[in-house]
Structures are given as C-alpha cells and as structure tokens.
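Here the structure comes first, spelled out in structure tokens, and everything after it is commentary.
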C-alpha cells in the first residue's frame, strides 16, 4: 500500500495573535496536536510537524524544526517536503511516500473528511488537489511527490504552495469541502475567542 504523508505547518510566532499558534489550546488540545490528529485521522502517515518560533510536539508526529521560520510560511512548507525524503531514507523497507497533504495549524475547523476527500481524489488520478470552500481554493492541499521539488523552489515569504498552484493551474483539481468544516484562520485574539466559543 502506498503512503500519503501529512505535513502540519506550525512554525509562526503568531505576532497578531500575541502568542505562538502551535501552543494555543482549544478544547484541551494545542493547535499542533489538533492538526496532527486531523491529518492522521484523515489517512496521512507519516505526519510531520514543522515548528519554528517555539518547540512543540504532538503524539503521532515527527517534529521538523525550521530554523528559517522568520522568513515566513514558505520556508516551513519547503522544510516539510525536504524532510520527507529523510524519513524515507531512514525506513527504506517501508512503502514509498507518493504524496503529501499540507495543512495549517491555525485552521483548526478543517474537518477530517476534507483530508480523506483529497486522498480519494489522488487515488482517482489527480496529482495536485486543493480543498475548496464554496468553490474558492483554500487549505489543505495535496501534492504528488513529482511536484515537491518545483513547489518547494517557488515557496517564498508567507506563500507555501500558492505560487506553484498559480503557476500550474492545469494541474489543480479542486475538491469541494464546504460541508466538512471551515478554513477559518486564527490570526487575532478575536479569532481565537470566536473559535473557542464555537468549540
């Protein structure tokens, strides 16, 4: 059986929030723990947790520390993809990782079904799959390994997969996930309070 990896980007310092997002707790779980659990429940294995501003961990995840986290999310995106090659080298007997689902720690309302839909679309032949909400592309994103290197090369500043997706729209398959959850971002204390009230 082939493997689909998961990468949770959780390296930022949360400047507008006033605290690193990876360690923010909602319902007894940190955003790092919640995001890793989401990816695993959706079928991703192994799962990498990319940290930076603070040290964080989560059960079921391998931690990848991005020392360049201050440059923005792009460096964390690239670090996660590069780390998958190391994971494979350490377990050469395991099945090859053929794709990766990338999710963001600050979007805790994404549903497990969104992950499984991306993986199902990949199994049906898509090589780049993006979750859409009311037709608008958001996160998470699945990328076939043949696109990892070019996607990582285009990731700069606060843009992870976006530059690659815009450069290659012909590769993108949108999968509607509006009924599975929300891509709402926690960027400010008001955002966090809104999510906590609803959880």
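The values are calculated or read from the model by the stated rules, or taken from the named source; none is laboratory data. Source: prediction; values computed, not measured. Heads up, the Cβs are rebuilt from the backbone with ideal geometry, glycines too, and the neighbour counts pull from every protein chain shown.
For a quick check of your reading: which strands (runs of 3 or more DSSP E) sit entirely within the range 1-107 and have at least 3 residues that are buried (at least 18 other Cβ atoms within 10 Å of the Cβ) and in contact (Cβ under 8 Å) with a residue 12 or more places away in the chain?
So the answer is 3-9, 47-51, 97-104.
Restricting to the range 186-199, name every residue that is surrounded by 17 or more Cβ atoms within 10 Å (Cβ to Cβ) and in a loop (DSSP other than H, G, I, E, B).
Scanning the range 186-199 gives a single hit, 186.
Going residue by residue through the range 30-44, is there one that turns out to be more than 25 Å from residue 187 (Cα to Cα), in contact with a strand residue (DSSP E or B) (Cβ under 6 Å, 6 or more places away or on another chain) and at pLDDT 95 or above?
Yes: the range 30-44 contains one or more residues that are more than 25 Å from residue 187 (Cα to Cα), in contact with a strand residue (DSSP E or B) (Cβ under 6 Å, 6 or more places away or on another chain) and at pLDDT 95 or above.
Within 29 Å of residue 19 (Cβ to Cβ) and buried (at least 20 other Cβ atoms within 10 Å of the Cβ), is that true of residue 161?
Judged against the criteria, residue 161 is a match.
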